[in-house]
1. Which condition number in (1) surrounded by fewer than 16 Cβ atoms within 10 Å (Cβ to Cβ); (2) of a type outside the set (Gly, Ala, Ser); (3) within 24 Å of the chain's Cα centre (by Cα) is the one that ARG179 fails?
2. Filter region 176-209 for residues that are aliphatic (A, V, I, L, M) and part of a strand (DSSP E or B); which is farthest from ligand 2 (Cβ to nearest atom)?
3. Looking at LEU255, LEU225, LEU173, LEU245, can you tell me which residue is in a loop (DSSP other than H, G, I, E, B) and at pLDDT 90 or above?
4. Mind checking which residues of region 24-81 are among the polar types (S, T, N, Q) and more than 10 Å from ligand 1 (Cβ to nearest atom)?
5. Filter region 287-322 for residues that are acidic (Asp, Glu), assigned to a loop (DSSP other than H, G, I, E, B) and either outside the structural domain of THR276 (by TED's automatic domain parsing) or within 11 Å of ligand 4 (Cβ to nearest atom) (or both) and give the result.
6. Taking the criterion of being away from ligand 2 (no atom under 16 Å from the Cβ), within 22 Å of the chain's Cα centre (by Cα) and within 28 Å of SER240 (Cβ to Cβ), would at least one residue in region 295-315 satisfy it?
7. Got a number for residues in region 49-108 being crowded, with 22+ Cβ neighbours inside 10 Å, charged (D, E, K, R) and not in a helix (DSSP H, G or I)?
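The values are calculated or read from the model by the stated rules, or taken from the named source; none is laboratory data. Not measured: the values here are computed from a predicted model. Cβ placement follows ideal geometry from the backbone for every residue including glycine, while neighbour counts extend to all protein chains displayed.
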Amino acid sequence: MQDLSENIQQVHNEKLGRHLVAGLPIEPGETLLEERPLLVTPHWECGQLKCAQCLQESYVMCRKCQVYPLCMDCSQHDDFECEFFASGAGKSICKDLLVKNYGICGLLRLLLLLEDPTTRPDCQVLMEWPVNLEDYRDGEGMWQEHEEQVVRPLMESGIMELLPSQQLTSDVLHAHCIRIDSHAFEVTARDGDTLKGVFVCGASLPHHCVPNTVVALDEEFNMKLYAAVPLQPGDIIYNSYTNPLMGTSQRQHQLRLSRRLDCTCSRCQDPTEMGTHMSSMKCRECAEGYAVCEMDANGRMGDWRCLNCKSILPAASVHELLAEVGGALVDARGDLQVYESLLTQYRQLFHPNHFLLLDIKQNIATILRAAALMNSVEQPCKKLLARRAELCSDLLPVCRAVVPGLSKLYAIGLFEYLISLVELIELQFAESDLDKKGYVGQLRIASQAAKEAMELLRFEPENSAEGFLSERIAMELERIESDLMKYGR
Ligand SMILES: [Zn+2]
Ligand SMILES: [Zn+2]
Ligand SMILES: [Zn+2]
Ligand SMILES: [Zn+2]
């Protein structure tokens, strides 16, 4: 199910448990691990029945077991699963089990994998992964979600008595749910819906907010992990389980919720966040200073202090402000004008790269992109196109800084930028706002961005979202190059 590069070694220590390190020098792009998912399942809260075989939408049931949904294209699903409900131990179970409680299907699949002697060994590493239930019990949201969507319906179905060797209790089922969640990557089904793929090895790598690897997932849910940067022998192989465009306090909050993890990585301990100042505030005492968070020896966040005049900005007032902007962002509900005025208002208080300003800018860029698509037949407004290109270009240096090396984030940022730039300059050129020389100069910038993005995506599988993006960029580049040939002499 998994294939480890021979340049990688499995090691074990107290702090990280089982993990991987580089055994030899490794080049960016080199494949470190390939893995098939142990199981792929809809999210717990999914209400739409999915085909047990291909996971696309489904409205009919398997004729043999009458428990699992199938689609029009698939005539059968896993033998053991089908047989279990058709003529095996599960045949006494209510046939509506999944129709009534579709959320249980991921856990049910794991239970049947554990029951089937031929697949049980594949689950061993997952089952050995330690779960301390007390860390989760009554925790925010997650425990309750598992309880209501999965554990209780499954307990009430009576299936526990049919799988006596597994000694299933409510706690055992909760631990299984947590194991599934903490080993899952989001994967995309052919119909565009997102699902959870459980990757026993690839999704259990230790976390670092600046990962040294890239996870690639293709249409068949195959995972490939490759190096993002050069690795030296002994380097720990890290992955990231947070959004790199979040600030330290946000990332840490998310990691605590989803993984019960207190991150102390180099980015979390660097108050400037790798020079980006994504959590820095404008000083209220001096005109030109920025205040950064002071950390104690354990990496705990304290007050903010101006790097210029050394005056203090108390943590409490920073948190209050963050909560205020967070609330305003929720209230904005996709309104372009509201976002623009929030940006003007809060620009006075935050560093230009602050994660909340970046969030507002991303929201505006998304709205403008949708508007450009809608207006494509009519004349798109030059002012909006220019604004979109400007915002995309603002985000680029931050995207570059927070994910070094081969970076999908930066590649996607470059793509967004180049698309908005090309749309803008084509219109400006057509309306003679831009002369031939100016147009060619801008085309060269766009061509450079396209080439750089393709270079960053060159290790992505062809049959993946990033592979298709790469094709799209190649088409764009062809168009740019042909205009350069035409006007560039
Ligand atoms: Zn199907
Ligand atoms: Zn069946
Ligand atoms: Zn971190
Ligand atoms: Zn100051």
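1. ARG179 satisfies every listed condition except (1).
2. Within region 176-209, the match that is farthest from ligand 2 (Cβ to nearest atom) is ALA184.
3. Going through LEU255, LEU225, LEU173, LEU245 in turn, the sole match is LEU245.
4. THR31, THR41, GLN48, GLN66
5. Correct list: GLU288 only.
6. Looking for residues that are away from ligand 2 (no atom under 16 Å from the Cβ), within 22 Å of the chain's Cα centre (by Cα) and within 28 Å of SER240 (Cβ to Cβ), one finds none in region 295-315, hence no.
7. Of the residues in that region, 1 qualify.
Matching residues to (1) farther than 25 Å from VAL229 by Cα; (2) modelled with pLDDT of 95 or more; (3) of a type outside the set (Phe, Trp, Tyr):
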| position | (1), (2), (3) |
| --- | --- |
| ALA430 | yes, no, yes |
| LEU434 | yes, no, yes |
| LEU443 | yes, yes, yes |
| PHE459 | no, yes, no |
| ASN463 | no, no, yes |
| MET475 | yes, yes, yes |
| GLU478 | yes, yes, yes |
